[in-house]
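Report on one structure; see the data block that follows.
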Amino acid sequence: MEIAQQVAALREALRYHNKKYYDEDAPEISDFEYDRMLRSLETLEQAYPEYDDPDSPTHHVGGSASDKFSSVTHPWPLESLQDVFSFDELAEFYTRAQADEYVVEYKIDGLSVSLEYQNGIFVRGATRGDGVTGEDVTDNLRTIEEIPKVLKDAPPELVVRGEVYMRRSVFDAINAQRELDGQPLLANPRNAAAGSLRQLDSAVTRARKLSIFCFNIQNSSELPLTSHVQALDYLKQLGFPVSPRYPVYTDPGEIEQEIRRMGDSRGELDFDIDGAVVKVNSFARRQALGSTAKYPRWASAYKYPPEIKETLLRDIVITVGRTGVLTPNAVLEPVRLAGTTVSRATLHNRDFIREKDVRIGDTVRVRKAGEIIPEILGYVPEKRPADSVSYEMPKVCPVCGAPVFEDEDEAAIRCTGAECPAQLLRNLMHFVSRDAMDIDGCGQAVLQSLIDADLIHSAADLYTLKVEEVEPLERMGHKSAENLIAAIEKSKQNDLSRLLFAFGIRHVGQKAAKVLSGTFGSLDAILEADVEQLTEVRDIGGATAQAIVAWRGQEQSKHLIARLRELGVNFKGEQTVKSDLLAGKTIVLTGTLTLFTRKQATEIIERLGGRASGSVSKKTTYVVAGENAGSKLKKANDLGIPVLTEQEFRDLIQEDEQ
């Protein structure tokens, strides 16, 4: 490839990944890979200056300011840092800097922001953006408890730079809750922090419990400070959180040791780092060194390379999540990686195992994705045992023994057990929810307390609870316990449609549950219907019918149904479908109707088991044409669809209407 093409390709790729990382908070490559790509472009531009361009990614910082927020012009530019990837490159930095003292800090992996104070009052906060213009996220920054809102004995004007991040413990807790709620998991703490800070609703940001480390006073030249360490001490005195470590060194050898120590401690920290920052301590020396168009010459960021090691894959074990998803996990020969001992790594899903073709007994290459999560990159072919066999996911749930649902169009494999212990809390939350059995006062915390007290093991156990059992639970009391038992008792009388939805049968949502209840009128009738009878019901397709048949055939489902019946839960529904005269038929109404209102005609069609549609297609059974019928009538004639007058439609339904 010619130099010009290489430069163009690198710039296009970097701009794409800049947008994914800074603007969309959804990076597709690691920081290390991005930095290497940027370094390659810098090298080419230096070697071939004729291809340099002021608009190149090498001359710009970060992303762009989103139009979702007001833009902020930073009083002092928020510069990026020059990355280095070896101690030899760091030695070149010392040669250029010629400083007496250097400060070493953690390089926090988060989102850079500026905080502006006037007379000690926090007045504005902004993201870095492109270093010159950022986004006004003041309201969201106010939700971060660690940011002081009022300073004592502060200068008239103070601009502080910091890095907003999400603690690993907070990240883990949020993802645990999102899994329980059936929401997509957050990718990593850095993306989670960036996305949370750029929410339009500051209540969402507050709920994410973000943190911050402050590391620079942007207008330090206006204050009686002579060094970086003095500035950090001053920030601490004012109440700002700063890096927990910022030792001062004069010897490059000691700096190297400190960087290695920081790297080895990564697994023990509650925050992510992707490197260590080395800064000239003296502000006078910084002033003399100045900055390039993009980087300060007085600082350098040592980036930790992803550490990859080989180890033995001893076994593959399956865990079942709260939503019923089966996740394969690799059991590894313990190996030291990025500061911690790794003995397990997720294999994600069936498709990942197929793609990587990893097998029990393989020697695999492992690294920590984002320096946090152990990740298997692949196996070492020359070390594969001769008798190895491909791994197959189980056909039944390893927790409860129920069949699993496996869809070739979806990577996730799910347990279908109605009473699977692994899914107990999740299933109960759905069962009691407002659109299901609507049991007031039975939220997640109460359900968890009931489970912890060993009072419930399935939804049916809710109907066996007594006031005296519930009363001792945390945050309960006698009155709350009475109200809960009353709400549970009341739910027994719910319409069948709510119970059907509460079962959590695949594909059976609220609408399908209402249609089934209205058509069959009882749970027993639904349990006896075959696939053909089920698919004759409007809006019930083959996949839904098959899911119902599969679910009702399981022993766990039979047990749950039997217990609910015994405990007096209503199995009857309001049978809104009075006959099957129009079962399986789709009818389109067009023109002005005179014998019925359009609503009346629609209700009649549905009551007789048919489906009222708003558009004509090859699947249409009849078109009922009133006065001034237009394009729908023409299309029906073109397709050869039978057209009925209102009187003909009335004659068709007459027998059932009487």
Name the helices (runs of 4 or more DSSP H) wholly inside the stretch 541-623 in which the number of residues that are among the hydrophobic types (A, V, I, L, M, F, W, C) and modelled with pLDDT of 90 or more is 2 or more.
542-552, 555-566
Search result, residues across the stretch 481-498 that are within 26 Å of Ala583 (Cα to Cα) and either touching a helix residue (DSSP H, G or I) at 6+ places or on another chain (Cβ under 7 Å) or not assigned by TED's automatic domain parsing to the domain that holds Glu469 (or both)
Asp495, Leu496, Ser497
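Out of the residues in the stretch 192-239 meeting the condition of being assigned to a helix (DSSP H, G or I) and of a type in the set (Val, Ile, Thr), tell me which one is modelled with the highest pLDDT. Before you say what the answer is, go through the steps one by one.
First, the residues of the stretch 192-239 that are assigned to a helix (DSSP H, G or I): 192-197, 202-207, 220-222, 228-238.
Still in the list and also of a type in the set (Val, Ile, Thr): 204-205, 229.
Details: Val204: 89, Thr205: 91, Val229: 97.
Of everything passing the filter in the stretch 192-239, Val229 is modelled with the highest pLDDT.
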Breaking point among (1) touching a strand residue (DSSP E or B) at 6+ places or on another chain (Cβ under 7 Å); (2) over 17 Å from Val389 (Cα atoms), for Arg350:
(2)
Residue by residue through the stretch 132-168, note down the ones that are under 26 Å from Thr58 (Cα atoms) and either touching a Lys or Arg at 6+ places or on another chain (Cβ under 8 Å) or outside the structural domain of Glu268 (by TED's automatic domain parsing) (or both).
Gly134, Glu135, Asp136, Tyr165
Name the residue, out of Ala288, Ala284, Ala293, Ala301, that is of a type outside the set (Lys, Arg) and touching a Gly at 6+ places or on another chain (Cβ under 6 Å).
Ala301
Any residue at all in the stretch 508-521 that is touching a Ser or Thr at 6+ places or on another chain (Cβ under 8 Å), exposed (fewer than 15 other Cβ atoms within 10 Å of the Cβ) and within 25 Å of Arg611 (Cα to Cα)?
yes
Can you name the residue in the stretch 535-545 that is of a type in the set (A, V, I, L, M) and in contact (Cβ under 8 Å) with a residue 24 or more places away in the chain and, of all such residues, is farthest from Ser497 (Cα to Cα)?
Ala543
If you scan the stretch 517-534, which residues turn out to be touching a residue at least 40 places away in the same chain (Cβ under 8 Å) and closer than 26 Å to Thr621 by Cβ?
Ser517, Gly518, Thr519, Phe520, Gly521
Does the stretch 64-79 include one or more residues that are surrounded by 14 or more Cβ atoms within 10 Å (Cβ to Cβ), at pLDDT 75 or above and hydroxyl-bearing (Ser, Thr, Tyr)?
yes
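Take the residues in the stretch 112-149 that are assigned to a loop (DSSP other than H, G, I, E, B) and of a type in the set (A, V, I, L, M, F, W, C); name whichever of them is farthest from Lys294 (Cα to Cα).
Filtering first and then ranking leaves Ile144.
Take Gly290 and tell me if it is among the small types (Gly, Ala, Ser) and under 22 Å from the mean Cα position of the chain (by Cα).
Numbers: among the small types (Gly, Ala, Ser): yes; under 22 Å from the mean Cα position of the chain (by Cα): no.
Taking the combined requirement at face value, the residue does not satisfy it.
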Does the stretch 584-616 hold any residues that are in contact with a strand residue (DSSP E or B) (Cβ under 8 Å, 6 or more places away or on another chain) and among the small types (Gly, Ala, Ser), and which are they?
Gly591, Ala601, Gly610, Ala612, Ser613, Gly614, Ser615
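The values are calculated or read from the model by the stated rules, or taken from the named source; none is laboratory data. These numbers come from a predicted model, not from an experiment. Note: ideal-geometry Cβ built from the backbone for every residue, glycine included; neighbour counts use all protein chains shown.
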